[in-house]
Amino acid sequence: MLKKIVLTFFSVAAFLECAVPGFAADEVHFTVTGPASVTFDWRSLSSSDDKISYGTCSGCESTTVTAYTPSPLQFSSSGPYFEAKLTGLANNTVYYYKIGANAEKTFKTAPPPGRSGFIVTAESDIGDSTSNFNIAIMQNMIATVNPDVSLVAGDITYGADHGQSKVDQHFNDVMVWSQTIPYMPAWGNHEWDQSTDDMRNYLGRFGLPNSYSSPIESSYTTACPQNLGKDWYWFDYGSARFIAYPEPFGNCGSYSSNSVDWTDWFNKVQSVMQDAQNNANIQFIVTWGHRPAYSSGHHPGDPTLKGYVDYLGDHFSKYVLNINGHSHNYERTYPQHGVTHITAGTGGADLEQDGSCLWLACAQPSWSAVRYMRQGVIRLIFGSTGIVGQFICGPAGGGVNDVTCNQADVIDSFTIGTVSSPTASLSANPTSITSGQSSTLTWSSTNATSCTGTGFSTGGATSGSASVSPTVTTTYSVSCTGSSGTATANATVTVTVPFAYTLSSGSAVSVVAGGSVSQTVTATLTAGATQSVSYSVTGLPSGAALSFPSCSPICTSSGTITTSPSTPAGSYAITVTGSPNGVATSFSLTVSAASNTTASLSASPTSITSGQSSTLTWSSTNATSCTGTGFSTGGATSGSASVSPTVTTTYSVSC
């Protein structure tokens, strides 16, 4: 059954842009040289572009390293060429960097020892995009897979066959991924099988860690400067140790059939493997080099190399995978002495085919699990207890294809070891905040190659932290994907919204000193849960008083402004303040002075016998009307009226 991953491809022209004048630096690539170091190499149009600046955030490349001239010096063009070692870095960290006027790029340092959940791609037998059309597509496929490391198993440029300009073109072709992904090479025969190219073009382009020299064979002369200390090397990346093996160069680049180099490697590599075997942080040992130990393609497996890797597989249980090229095809073996062998000669150079069956051995050997005449990319996902491998179908062509597939189809899948399902965890600290505050989300995973956050960004990282500031209670989630599925975890941040309200009062009011008037205040809830609001009043003149009862918004409270006859006349700004929060509102109070009004009332006679009458007489000053109680004044400010009470009665007049 075909599986598919999503790959997006650019045009060939996009690859060729890197080589055109106008770039401050081209041929940019780097290698992992340790858990806290990388080494960059590039070519520049100017000797002044000899610096690389870097930092841990975009636009803050505050550390600058001055590059040096690499040794041996490349001769594919006049350069100038530069190499710079970046040390003292933090592991598992994304750095931003700039070289000259080039656009800002990023690189990521190696994960901590023992960490799984990373991706490696492998290819070999590549060349350049001006010689083979599919090479541009193949390099773009690697960029789309976006691995953590890219292994190249030799026959890098074919500069000896196609010319020195093709060496430079290759290193511009791979810039689609090599500016952000480590380029980790092993050497192939076409790096130095003719006098038109030699190892100076390659040894001088890569800073390699833990490197070894192969022996100088008796036929070497000083005219063949091959033995320069970078024939093979090893490096650790998370839970894996990757060990290159050398190309057995003979007389000035010709193949050495007596395999002195392999014998020397075999004797030395056992201690490197034993160290990894004893290291609890290392779960897998992987070798890669150019020539195959097992192959039914155009170049058969070398019996000497086969004997050595079979022995190593028998003696080191962590040694589980070998990657090679040389034969231009894809082939995977069943585990041989515990080691799965992958021929990855599918990097873009034309396929190598024999006869009508296309294969040197028409009958597929019993040790061969899968083989294809098709270009493509090997993708390896390293979990905590196993490796999942995939061969991703590349473009058609390069020769006769013996498998039909769509570009980006996964046409071979295999597992080395056991692959556990991914796990994911997500926590928030604190879990409860007040609106406007922040919480830190922390996520981690196992057996995952990437994580995606919902409601926050993980940047694809399998672990990390991010700050969030929700305004309402929010549940966040993280989904972590590995080779055997996806795991999801959730965390909720509870947001408490502070109690908030507004106040408004009635319109302006007026009162005559000694009188009273009503007023209201309204509290409106704007946020949070309602609670009781109490009020205080300021700005009242002397002799005046006002209070409002407490209430819980939304609510309106009524109060009465009382004054005394002595309350000073005037206009006053009255402020009503609510507690809690100190929210205030105000209104205007106008007090008018009281007038000097008098009234008098008399009765004649003041004592009568029932059935008799008495005359009430009233008068007033500064009055506009008078009202009687028990008799009628008709509103007159003075006058008299007859009354005939049947019981003793008190009469009054108000003017």
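The values are calculated or read from the model by the stated rules, or taken from the named source; none is laboratory data. Owing to the predicted nature of the structure, the values given are computational and were not obtained by experimental measurement. Methodologically, a virtual Cβ is constructed for each residue, glycine included, from the backbone with ideal geometry; neighbour enumeration extends over all protein chains shown. Just so you know, the surface numbers come from the protein's heavy atoms only, side chains and all, with ligands and any DNA or RNA stripped out. Shrake-Rupley method; radii C 1.70, N 1.55, O 1.52, S 1.80 Å.
Could you check region 344-361 and list, in sequence order, the residues that are in a strand (DSSP E or B) and either within 13 Å of Asp155 (Cα to Cα) or among the aliphatic types (A, V, I, L, M) (or both)? Across region 344-361, the qualifying residues are Ala344, Leu358.
Taking the conditions exactly as written (more than 30 Å from Pro292 (Cβ to Cβ) and either in contact (Cβ under 8 Å) with a residue 24 or more places away in the chain or buried (at least 18 other Cβ atoms within 10 Å of the Cβ) (or both)), does Tyr68 satisfy them or not? Judged against the criteria, Tyr68 is not a match.
Only one entry of Val370, Val388 meets the criterion of being β-branched (Val, Ile, Thr), modelled with pLDDT of 95 or more, surrounded by fewer than 22 Cβ atoms within 10 Å (Cβ to Cβ) and within 39 Å of the chain's Cα centre (by Cα), and that entry is Val370. Against the definition (closer than 12 Å to Ile243 by Cα and modelled with pLDDT of 95 or more), how does Ala276 come out, yes or no? Yes; evaluated as a whole, the condition is true for this residue.
Which residues, taken from region 205-224, are assigned to a loop (DSSP other than H, G, I, E, B) and either touching a Cys at 6+ places or on another chain (Cβ under 6 Å) or at pLDDT 90 or above (or both)? Correct list: Arg205, Phe206, Gly207, Leu208, Pro209, Asn210, Ser211, Cys224.
When residues in region 373-385 are screened for being out of contact with any helix residue (DSSP H, G or I) (no Cβ under 9 Å at 6 or more places or on another chain), at pLDDT 95 or above and open to solvent by 10 Å² or more (accessible area, probe 1.4 Å), 1 of them pass. Where strands (runs of 3 or more DSSP E) sit wholly within region 440-498, those with at least 1 residues that are under 30 Å from Thr121 (Cβ atoms) and either out of contact with any strand residue (DSSP E or B) (no Cβ under 8 Å at 6 or more places or on another chain) or of a type in the set (Val, Ile, Thr) (or both) occupy 450-454, 474-482, 485-496. The residues of region 10-32 that are modelled with pLDDT of 95 or more and either among the hydrophobic types (A, V, I, L, M, F, W, C) or open to solvent by 40 Å² or more (accessible area, probe 1.4 Å) (or both), listed by number, are Val28, Phe30, Val32. Taking region 451-476 as the range and being touching a residue at least 60 places away in the same chain (Cβ under 8 Å) and crowded, with 18+ Cβ neighbours inside 10 Å as the test, only Thr462 passes.
Yes or no, residue by residue, for (1) within 28 Å of Met141 (Cβ to Cβ); (2) part of a loop (DSSP other than H, G, I, E, B):
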residue: Cys405; (1), (2): yes, yes
residue: Asp412; (1), (2): yes, no
residue: Thr415; (1), (2): yes, no
residue: Ala428; (1), (2): no, no
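Note on region 600-655: residues that are open to solvent by 70 Å² or more (accessible area, probe 1.4 Å), farther than 30 Å from Ser566 by Cβ and assigned to a strand (DSSP E or B) amount to 5. The requirement of being free of Cβ contacts under 8 Å to residues at least 24 places away in the same chain, open to solvent by 30 Å² or more (accessible area, probe 1.4 Å) and touching a Leu at 6+ places or on another chain (Cβ under 9 Å) is satisfied by Thr442.
Contact map, region 37-65: residues that are within 16 Å of Gly100 (Cβ to Cβ) and free of Cβ contacts under 8 Å to residues at least 24 places away in the same chain paired with residues that are among the basic types (Lys, Arg) and surrounded by 11 or more Cβ atoms within 10 Å (Cβ to Cβ), Cβ distance under 9 Å, separation 6+ or inter-chain. Pairs shown: Thr64/Lys51; Val65/Lys51; Val65/Lys85. Only residues that are in contact with a strand residue (DSSP E or B) (Cβ under 6 Å, 6 or more places away or on another chain), open to solvent by 60 Å² or more (accessible area, probe 1.4 Å) and not in a strand (DSSP E or B) were counted across region 504-558, and they come to 5. Of all residues in region 337-367, which are open to solvent by 40 Å² or more (accessible area, probe 1.4 Å) and under 21 Å from Leu305 (Cα atoms)? Result: His337, Gly338, Leu360, Gln364, Ser366, Trp367.
I'd like to check which strands (runs of 3 or more DSSP E) are fully inside region 118-194 and have at least 1 residues that are aromatic (Phe, Trp, Tyr), open to solvent by less than 10 Å² (accessible area, probe 1.4 Å) and at pLDDT below 95.
Here the list reads 118-123.
Select from region 567-599 the residues that are closer than 16 Å to Gly515 by Cα, assigned to a strand (DSSP E or B) and aliphatic (A, V, I, L, M) and list them in ascending order. Those that are closer than 16 Å to Gly515 by Cα, assigned to a strand (DSSP E or B) and aliphatic (A, V, I, L, M): Leu589, Val591.
Yes/no matrix, rows are residues, columns are (1) under 22 Å from Pro498 (Cα atoms); (2) touching a residue at least 40 places away in the same chain (Cβ under 8 Å):
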residue: Ala529; (1), (2): yes, no
residue: Gly543; (1), (2): no, no
residue: Pro553; (1), (2): yes, yes
residue: Thr556; (1), (2): yes, no
residue: Ile561; (1), (2): no, yes
residue: Gly570; (1), (2): no, no
residue: Ser579; (1), (2): yes, yes
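Being farther than 22 Å from Thr418 by Cα and in contact with a helix residue (DSSP H, G or I) (Cβ under 8 Å, 6 or more places away or on another chain), is that true of even one residue in region 355-366?
No, region 355-366 has no match at all.
Taking each residue of region 485-509 that is at positive phi and looking for partners that are crowded, with 16+ Cβ neighbours inside 10 Å and not hydroxyl-bearing (Ser, Thr, Tyr) with beta-carbon atoms closer than 7 Å, six or more apart or interchain, yields Gly485/Pro422.
Does Thr597 satisfy the criteria of being modelled with pLDDT of 95 or more and either open to solvent by 40 Å² or more (accessible area, probe 1.4 Å) or at positive phi (or both)? Taking the combined requirement at face value, the residue does not satisfy it.
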